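Below is one structure; the comments refer to it alone.
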Amino acid sequence: MTTQNERIVLISGTAHPALAQAISRELGVPLANAHIGRFPDGEIDIKVFDDIRGADTFVIQPTCPPVNDNWIELLLLLDTLRRASAGRITAVMPYYGYARKDRKDEGRVPISAKVVANTMVAGGADRVLTLDMHAAQIQGFFDVPVDHLYAKPVLLAGVRNMGIESPVVVTPDVGGIKMARAWAKALGADLAIVDKRRISGSEIAVEHVIGEVGGRNVILVDDMISTGGSISEAARIVRKEGAKKIVIAVSHAVLCGPAVERLDSCPADAILATDSIPQRGKLPHQFQVISIATLLARAIHNIHRCESVSSLFEEIG
Ligand code: R5P
């Protein structure tokens with residue numbers, strides 16, 4: 001059995017090196033020296049140069065697009081660390097890919113979020129640190145501890161800085177009510193719901209808004225923007241119903257397919273998103289990034305020291 005020593009080791013996959021560097025700066029712990037490249041046939045080639053034997057090791061790799069590449073790379077990193085006798089291995093996945101496929105809602109489909117969990121634990125993860133999973137119950141797919149952080153304190157600080165008066169918090173679908181209610185409570189705001197119907201993976205239809213948004217400033221909150229259909233249509237309908245300023249706050253900006261064009265042309269005045277996912281292409285003109293590096297660094301620090309992580313759910317300064 002491997003015993004753990006006092007050292008923290010941080011290792012970055014290739015999914016989001018900028019976030020890993022920011023976490024490293026916050027913690028004052030350098031990233032481990034490692035090579036992650038490709039063999040000529042495209043297979044992933046990994047070599048960790050530092051001795052990590054016995055260390056409390058955190059591997060930072062959101063499984064954002066390209067999801068399959070980033071997921072396999074994470075599994076190979078976990079295997080590398082386990083075989084190098086790391087003490088305890090924590091997979092830091094600020095974005096959990098495949099989380100939306102969390103149940104068998106029709107015949108002959110996989111529960112992909114469970115497959116991700118199974119492979120990570122089999123691959124060597126002793127614990128998981130993640131942020132705003134699409135469904136919090138995914139924690140139960142793991143038989144190892146999962147620390148599930150919320151981006152709300154970080155995004156809320158950004159919204160508060162905008163000085164928006166008497167806002168209404170709006171969720172773009174009924175599934176987001178719990179998150180929206182928490183926002184409304186924190187802001188002392190009213191709550192409204194957009195009645196959304198999904199037609200396909202990238203097309204949705206909105207019928208009407210349940211609640212009063214006319215003449216009010218609106219904060220639209222969601223866990224993620226994928227193709228941008230849900231949030232841009234929600235922005236459109238609240239503006240049609242008379243909303244004044246419209247601010248979007250989301251944890252994960254996946255921004256795939258037509259998302260950038262949809263957001264760029266939607267009536268939102270600002271779009272606040274965390275850096276759980278790296279942005280490498282053109283962005284909507286309203287886009288603002290708020291970093292979760294401090295939140296993740298504090299969580300890593302507390303996990304290492306065996307201190308409470310739920311204390312970080314309060315607003316952070
Ligand atoms: C749905 O349940 C989620 O919370 C998001 O609203 C949805 O996944 C966003 O997808 P899209 O941007 O493609 O509409």
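The values are calculated or read from the model by the stated rules, or taken from the named source; none is laboratory data. None of the values given here were measured: they were computed from a predicted structure. So basically every Cβ, Gly included, is an ideal-geometry build from the backbone, and we count neighbours across all protein chains shown. Accessible surface is based on the protein model in full, side chains and every heavy atom, while ligands, DNA and RNA are left aside. Shrake-Rupley method; radii C 1.70, N 1.55, O 1.52, S 1.80 Å.
Summary of values
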item: Per-region count, the stretch 74-101, residues in contact with a Leu (Cβ under 7 Å, 6 or more places away or on another chain) and of a type in the set (D, E, K, R); result: 0
item: From the options ALA135, ALA122, residue that is surrounded by fewer than 19 Cβ atoms within 10 Å (Cβ to Cβ), more than 21 Å from SER311 (Cβ to Cβ) and at pLDDT below 95; result: ALA135
item: Lone unmet requirement of (1) open to solvent by less than 30 Å² (accessible area, probe 1.4 Å); (2) over 30 Å from GLY13 (Cβ atoms); (3) of a type in the set (Ser, Thr, Tyr) for THR227; result: (2)
item: Extreme residue, farthest from the ligand (Cβ to nearest atom), among residues of the stretch 112-131 that are touching a helix residue (DSSP H, G or I) at 6+ places or on another chain (Cβ under 8 Å) and assigned to a loop (DSSP other than H, G, I, E, B); result: GLY124
item: Residues being more than 24 Å from ALA157 (Cα to Cα), of a type outside the set (D, E, K, R) and in a loop (DSSP other than H, G, I, E, B) - total across the stretch 227-267; result: 6
item: The stretch 191-224, subset touching a Gly at 6+ places or on another chain (Cβ under 8 Å) and near the ligand (Cβ under 8 Å from one of its atoms), residue most open to solvent (accessible area, probe 1.4 Å); result: SER202
item: Lone qualifier among ALA259, ALA297, ALA253 - being touching a residue at least 24 places away in the same chain (Cβ under 8 Å) and in the same structural domain as ARG25 (by TED's automatic domain parsing); result: ALA297
item: Any chance PRO267 is in the same structural domain as GLU165 (by TED's automatic domain parsing), surrounded by fewer than 18 Cβ atoms within 10 Å (Cβ to Cβ) and within 12 Å of the ligand (Cβ to nearest atom); result: no
